[in-house]
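No value in this document is a laboratory result; all are computed from the given coordinates. Predicted, not measured: the structure shown is a model, and the values here were computed from it. Note that each Cβ is placed from the backbone with ideal geometry, even for glycine, and that neighbours are counted across all protein chains shown.
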Amino acid sequence: MTLSYAEKQRIRGMLADKQSAKTIALEFEVGEADVLALAKPKAALSAYMCFARENRDAISQEVGATDTSTLSKVIGERWGEVTDRSRWERQAADDRVRHDREMATYQAGLNAEDAAEKARIASAASGPSDRELERAEKRQRLQEEVEERAAAPKKERKAKVLTQAEQTLAAQNKEIESDKAKSAKQWLNF
């Protein structure tokens with residue numbers, strides 16, 4: 001199933017609000033991969049985050065703590081003690097390049113979607129749709145047929161010859177209708 005422009009925008013908003021891709025996929029009846037393809041690229045890591053990611057397990061075993069606050073405090077102290085940070089700064093620069101490349105691709109996709117949506121709106125606003133054109137043609141054709149019929153000489157109607165039984169029924173119906181009219185007048189005068 002292809003998603004409309006509005007649905008894609010709504011999914012992006014839901015992802016920005018930190019809703020899980022799985023629940024979004026269930027709601028829109030698409031695959032998780034389709035939802036994740038609409039997500040913004042992950043942010044670039046700083047040199048500190050590269051250092052923390054690389055050393056978290058070792059520091060956790062060394063300190064013997066697994067709670068985040070203690071680990072973060074110890075990692076921060078170790079980062080402050082490091083004098084040569086060039087290795088992690090290089091990793092951060094590489095990650096920034098990755099992020100910039102992915103963001104350019106993401107932004108190009110957004111721009112293409114916006115352009116397609118604007119073109120769709122412009123084409124809808126620029127004139128009548130195919131359906132409206134078909135309806136106008138049909139109206140014109142019907143009008144011409146009506147004018148042709150009006151211009152054509154009318155055929156003389158053949159008088160219908162009623163049988164004796166049909167004449168009797170017609171007379172009875174006429175009598176019933178006149179009785180109805182009389183009783184309706186009586187009710188009005190009552």
Extreme residue, positive dipole direction of the chain, given options 59, 161, 23 (C-beta unit charges): 161
³J(HN,Hα), Karplus 6.51/-1.76/1.60, whole Hz, each residue of the stretch 43-52, x for Gly, Pro: 5, 6, 7, 7, 4, 4, 5, 5, 4, 5
On Cα atoms only, tilt of 5-16 relative to the major axis of the chain in degrees: 30
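What number, rounded to the nearest 500 deg cm²/dmol, is the helix-based mean residue ellipticity at 222 nm of the chain, given -39500 (n - 2.57) per DSSP H run of at least four residues and division by all its residues?
Result for the chain, helices only: -26000 deg cm²/dmol.
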Dipole of the stretch 89-188 [Lys/Arg +1, Asp/Glu -1 at C-beta], most positive-end residue of 91, 121, 181: 181
Helix 164-189 vs. the chain, principal-axis angle (Cα, 0 to 90°, nearest 10): 70
J(HN,Hα) series, the stretch 116-132, from Karplus relation 6.51 cos²θ - 1.76 cosθ + 1.60, nearest Hz, glycine and proline x: 5, 5, 5, 5, 5, 5, 5, 5, 5, 8, 6, x, x, 6, 4, 5, 5
Residue-by-residue Karplus 3J(HN,Hα) for the stretch 91-105, coefficients 6.51, -1.76, 1.60, Hz, glycine and proline x: 4, 5, 5, 4, 5, 5, 5, 4, 5, 4, 5, 5, 5, 5, 5
For the chain, built as a Gaussian network whose Cα springs stay under 10 Å, the top-fluctuating residue of 166, 134, 77: 166
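Assigning unit charges at the beta carbon (Lys, Arg +1; Asp, Glu -1) and nothing else, what dipole magnitude in debye, to the nearest 20, does the chain show about its Cα centre?
It comes to approximately 1060 debye.
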Point-to-point label distance, residue 115-residue 160, nm (Cα→Cβ direction, 7 Å offset): 7.0
The chain: angle of helix 68-81 to the longest principal axis, Cα-based, in degrees nearest 10: 50
For the stretch 46-190, convex hull of alpha carbons as volume per residue, Å³: 483
